[in-house]
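The next block holds one structure in the form of structure tokens; read it before the comments.
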Amino acid sequence: MAKGNAMIAALDIGTKSVTTLIAQKSDDGTFSIIGKGVADNNNGLIAGDVVDVQATAAAIRDSVAEAEQISSKRIKKVYVGISGEGVRSINSHGVIQVRGQEVAKTDMNRVIEQAKIITLPDDREIISVEIGKYTVDGKAGIVNPIGMACRRLEVDVLIITMPKTMFRNLYKAVEDAGFFVNGVVVSAIASSWAVLEDDEKNIGVAMVDIGDGVADIAIYQNGAPVYVAVMPMGGKFITDDISKVMKIPPAEAERVKCKYGNVRPEYVSDSEVFDTVVIGTNAPTTKKVKQLATVITPRIEEILIEVKKKLMESQKENIIQSDIVLTGGSAQLKNIQCVAEDTLEQTVRIGIPKIDEPSIGLNDVLTSPGFATAVGIIRHFSCRKQMEIAKRNGWLARVADIFRNFFE
């Protein structure tokens, strides 16, 4: 397949680490991953919110440098995934009278702008507007109304907002690292692009990405997102529990969680053990895998219970006709699918990122649920057909038009 020179660099700034992916786009719109970088960011974020700009900037530089080395490419522009407890979503509806006999692009822009007219607190800003289906003279479910005879045009949108200071700090960290923010997408939407199928989005599906510091939730219906939320709970809570209960250092707790973690203690033999060290002394010790599972399971159940509450609070749980798709780093825990089905009382599948072409030397890693957001950022900006509308007044004007200078 002929390759073009177009590249996209995705930046997933997480609570535990910063991930950079560099992708090369083919002439037919598909992409392959040619570079990957992961750098620790243990002190930079809390629940998705930047608390140390310089530490986060350093992690971004390290992550990008690794991806550049693997890909033998240099990047200046990045597409960034945004998450954090302050992310909110609002459903809105726009209606206009069409001036001509047929719908034009200007009419689509006008109806979207009309839908964006909402009242927000002074400390919040519109980050993106996810566009749903259009209605043309009462006929609903139209994807592209351009050229249709019409007098009244309507559109359903999902407006996503976040605190201004939250975005400023994230933007500054990227800028201080030496990179230009070429576009932003909410992590819940990005992960959905990586793991959800079109049929699921049309029928009605929920995506839950349990990362280290937060859990991102997105609900889709009729092909478009209708709800986004972020919970300040994630894998770090599990790691902290392991460290405290089993008296091992936090770094060791993270390691054994990833290697031996299981959320079904009854499936673990009493004879299974792992070697570790005692916190404070680093003296060698041996712990039981079953004990590890008994520490992990209650916290996972708590997180899933809170997810279920969010779905119920949104009053959209009835539109979830397909599976609930679970992804993110914590989705790699053994038997989490079983526990999730019991807790959420619905069929659950584990979401694996979709990559168009084999990525030599990287594919085994990138098909891990932990890379869903980073892969989704690339897919979102390289494959989507509907334009994201972002408010660009004041401080946000520094962020370039998402589709201008799309590739380097």
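Each value in this text was obtained by applying a stated rule to the coordinates, not by laboratory testing. Computed from a prediction, not measured in an experiment: that's the story for all the values here. No Cβ is skipped: glycine too gets one built from the backbone with ideal geometry, and neighbour counts run over all protein chains shown.
If you keep only loop residues by DSSP, which trypsin sites (Lys or Arg not before Pro) in region 156-258 have at most 16 other Cβ atoms within 10 Å of their Cβ? The partial results should precede the final answer.
On the way: sites: LYS164, ARG168, LYS172, LYS201, LYS236, LYS244, LYS247, ARG255, LYS257; in loops: LYS247.
Listed in order of number, the matching sites are LYS247.
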* Structure fact -> Calc'd 3J(HN,Hα), region 38-52, phi into Karplus 6.51 cos²θ - 1.76 cosθ + 1.60 (θ = phi - 60°), Hz, glycine/Pro = x, comes to 10, 10, 4, 9, 5, 10, x, 10, 10, 6, x, 9, 5, 10, 9
* Structure fact -> Expressed in angstrom, Rg and Dmax over the Cα atoms of region 176-241 are 14.2, 43
* **Karplus (6.51, -1.76, 1.60) ³J(HN,Hα), θ = phi - 60°, over region 338-348, in Hz, Gly and Pro reported as x** => 5, 5, 5, 5, 5, 6, 7, 6, 7, 5, 10
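Given Cβ point charges of +1 (Lys, Arg) and -1 (Asp, Glu) and nothing else, what value in debye, to the nearest 20, does the dipole of the chain about its Cα centre take?
Numbers: 48 positive and 52 negative charges, 173 e Å.
Using only the charged Cβ atoms, the result is roughly 840 debye.
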* Asked: In whole Å, what is the distance between the alpha-carbon centres of region 50-76 and region 162-209?
  -> 18 Å
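Return an integer: the convex hull volume of the alpha-carbon atoms of region 23-65, in Å³ per residue.
Numbers: hull volume 3.9 nm³, N = 43.
For region 23-65, the hull spanned by Cα atoms encloses 91 Å³ per residue.
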* **q = 0.09, 0.14 Å⁻¹: log10 I(q)/I(0) that the Debye formula gives for region 21-176, counting C-alpha atoms only** => -0.47, -0.88
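Considering only Cα-Cα distances, which of the following residue pairs are longer than 29 Å: LYS201/LYS290; LYS288/LYS354; LYS105/LYS201; LYS16/LYS116?
Details: LYS201/LYS290 38 Å; LYS288/LYS354 36 Å; LYS105/LYS201 25 Å; LYS16/LYS116 34 Å.
From the list (LYS201/LYS290; LYS288/LYS354; LYS105/LYS201; LYS16/LYS116), the Cα-Cα distance tops 29 Å for LYS201/LYS290; LYS288/LYS354; LYS16/LYS116.
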* **Charge context of ASN363, other residues only, Cβ under 15 angstrom, K/R +1, D/E -1** => -1
* Sticking to Cα atoms, compute the Rg of region 152-201 to one decimal and its Dmax as the biggest Cα-Cα distance, whole number, in Å. => 15.3, 47
* Where the Cα pairs of region 88-162 fall when distances are cut into 5 Å bins, in % -> 3, 17, 29, 21, 13, 9, 5, 2, 0
* Structure fact -> Most fluctuating of ILE238, ILE70, ILE33 in the GNM of the chain (C-alpha, under 10 Å) is ILE70
* **By average C-beta atoms within 10 angstrom, highest first, the peptides 218-224, 118-124** => 218-224, 118-124
* Taking the chain as a Gaussian network, Cα atoms linked when under 10 Å apart, which of ALA194, ALA251, ALA177 shows the biggest mean-square fluctuation? -> ALA251
* Structure fact -> At q = 0.07, 0.10, 0.13 1/Å the base-10 log of I(q)/I(0) from the Debye formula over the alpha-carbon atoms of the chain is -0.34, -0.68, -1.13
* Asked: Hey, what angle do you get for helix 372-383 against the long axis of the chain, alpha-carbon based, 0 to 90 degrees rounded to 10?
  -> 20 degrees
* To do: Name the most mobile residue of ARG299, ARG152, ARG88, meaning the one with the largest mean-square fluctuation, in a Gaussian network model of the chain with Cα contacts below 10 Å.
  => ARG152
* So for region 210-258, Kirkwood radius off the Cα pairs, Stokes-Einstein at 20 °C and 1.002 mPa s: how many µm² s⁻¹? -> 175 µm²/s
* **Where Rh is the Kirkwood radius over Cα pairs, Rg/Rh for region 193-281** => 1.15
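Placing +1 at every Lys and Arg Cβ and -1 at every Asp and Glu Cβ, with all other atoms neutral, what dipole size does region 88-162 have around its Cα centre, in debye to the nearest 20? Display every interim value, and only then the final one.
Numbers: 10 positive and 10 negative charges, 51 e Å.
Magnitude of the dipole: close to 240 debye.
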* Could you state the number of Å between the C-alpha centres of region 213-282 and region 304-377? -> 15 Å
* Could you give the nm distance between label points at GLN291 and ARG168, where each point is 7 Å from its Cα heading toward the beta carbon? -> 4.9 nm
